[in-house]
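Since the structure comes first, as structure tokens, the remarks are kept for the end.
The values are calculated or read from the model by the stated rules, or taken from the named source; none is laboratory data. Please read all numbers here as calculations on a predicted model, not as lab measurements. For neighbour counting, all protein chains shown are included, and Cβ atoms are generated from backbone atoms with ideal geometry for every residue, glycine included.
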Amino acid sequence: MFVPSTPLHAEVFPRLLPREGLQVREDILYTNHKGEEKKGIRKGAEKILGQLGDALQKILEPNEVILYVAAARREAGLLEQMTMGYAVANVVTMTTLVFTNLRLLHFRVKRDGRWNRSLRSLHWGDVATAKVSGWLNGQLQLTCRNGTKEKYWGLSSDDRRKIQVLVDALLPASQGDASGAQSMRSLCPQCRAPLTAGNYSCMGCGLGFKDESSLLWRALIPGGVYFYTGHPVLAAFVILGELYILLLIVLSLAASSDPEIGPEGAIGAALIFAFLLLVEKLITIYHGRKFLREFIPAS
């Protein structure tokens with residue numbers, strides 16, 4: 001375990017101080033990779049702690065100290081980017097990373113940085129390797145001891161360089177602290193109990209999460225899947241797109257009386273547009289399953 005009083009930067013004295021019910025290392029939290037305090041870094045960290053402070057007070061262990069915080073994006077798969085668009089995928093993957101002396105906390109956040117109550121945790125002892133790369137668009141890739149990988153991108157240049165210094169210190173100090181999970185796992189936002197994939201109810205406190213059982217009928221409603229998973233902007237785009245396809249189907253059928261098109265041509269065109277609508281519905285179900293498997297509280 002990385003001892004909270006361990007110096008990180010040469011010639012910078014460790015400053016472990018309380019902050020509104022939290023323990024933070026000010027000499028790490030507010031400084032760059034050289035240990036130099038910067039107003040911009042302090043301002044960004046204070047904003048994040050202001051947004052997540054209440055949650056962190058309930059989540060952190062008694063001996064857990066906040067070392068650093070950073071805004072990032074979880075990795076979006078190629079299919080997600082192709083079907084949602086790069087810009088949209090960029091928004092729905094927004095994440096805040098909190099580095100403590102014990103683990104990495106992954107908070108899914110909304111566009112304004114507020115937590116959506118989806119939480120994941122990875123103990124440093126469960127990390128086999130950590131790679132920090134990129135320049136303007138920094139990336140952090142973690143390989144867990146069970147072989148799974150976690151990748152984040154969109155790190156600022158300051159965060160990228162500071163995170164490199166952090167993981168270089170945290171991983172060697174946590175070699176003997178592996179947990180039974182050996183990977184990142186989702187936690188209940190209410191009681192911190194580990195959640196099980198496919199089980200949308202917390203075994204610890206009974207908190208319910210939105211599940212996949214209603215996705216099929218919600219997909220029949222334009223934008224229904226995205227409203228259910230908390231993405232109203234995406235839902236609005238889908239409503240417009242589906243209404244446009246439905247209009248094309250109606251217009252195609254209406255053209256059956258046109259002698260140049262005829263009933264067969266009209267039906268053929270309508271079937272093509274209906275197929276496109278079906279594909280769009282399947283894509284929304286795919287997205288919905290991805291969102292729900294990150295555990296969204298039902299209330």
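Count of the range 229-260 residues, restricted to those that are at pLDDT below 85 and not in a helix (DSSP H, G or I), is 3. Remark: pairs (first residue in the range 73-98, closer than 17 Å to residue 142 by Cβ; second residue modelled with pLDDT under 70; Cβ separation under 8 Å; 6+ apart in sequence or on different chains) = 76/89. Scanning the range 146-178 for residues that are surrounded by fewer than 16 Cβ atoms within 10 Å (Cβ to Cβ) and in a loop (DSSP other than H, G, I, E, B) returns 146, 147, 148, 175, 176, 177. Here the condition is being outside the structural domain of residue 122 (by TED's automatic domain parsing) and within 19 Å of the chain's Cα centre (by Cα); of 225, 238, 250, 279, it holds for 225 alone.
Please determine whether any residue of the range 82-104 is farther than 30 Å from residue 236 by Cα, aromatic (Phe, Trp, Tyr) and touching an Asp or Glu at 6+ places or on another chain (Cβ under 8 Å). Among the residues of the range 82-104, not one is farther than 30 Å from residue 236 by Cα, aromatic (Phe, Trp, Tyr) and touching an Asp or Glu at 6+ places or on another chain (Cβ under 8 Å), which makes the answer no.
Yes or no, residue by residue, for (1) under 16 Å from the mean Cα position of the chain (by Cα); (2) more than 27 Å from residue 280 (Cβ to Cβ); (3) buried (at least 20 other Cβ atoms within 10 Å of the Cβ):
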position: 76; (1), (2), (3): yes, no, no
position: 101; (1), (2), (3): no, yes, yes
position: 123; (1), (2), (3): no, yes, yes
position: 130; (1), (2), (3): no, yes, no
position: 133; (1), (2), (3): no, yes, no
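With respect to (1) over 30 Å from residue 125 (Cβ atoms); (2) in a loop (DSSP other than H, G, I, E, B); (3) among the hydrophobic types (A, V, I, L, M, F, W, C); (4) in contact with a Ser or Thr (Cβ under 6 Å, 6 or more places away or on another chain), the lone exception for residue 295 is condition (1). Residues in the range 3-33 that are loosely packed, with under 12 Cβ neighbours inside 10 Å and part of a loop (DSSP other than H, G, I, E, B): 3, 5, 10, 11, 13, 20, 21. Residues of the range 187-228 that are in a helix (DSSP H, G or I) and among the basic types (Lys, Arg): 218 alone.
The set of residues in the range 2-25 being among the aromatic types (Phe, Trp, Tyr) and closer than 15 Å to residue 100 by Cβ consists of 2 alone.
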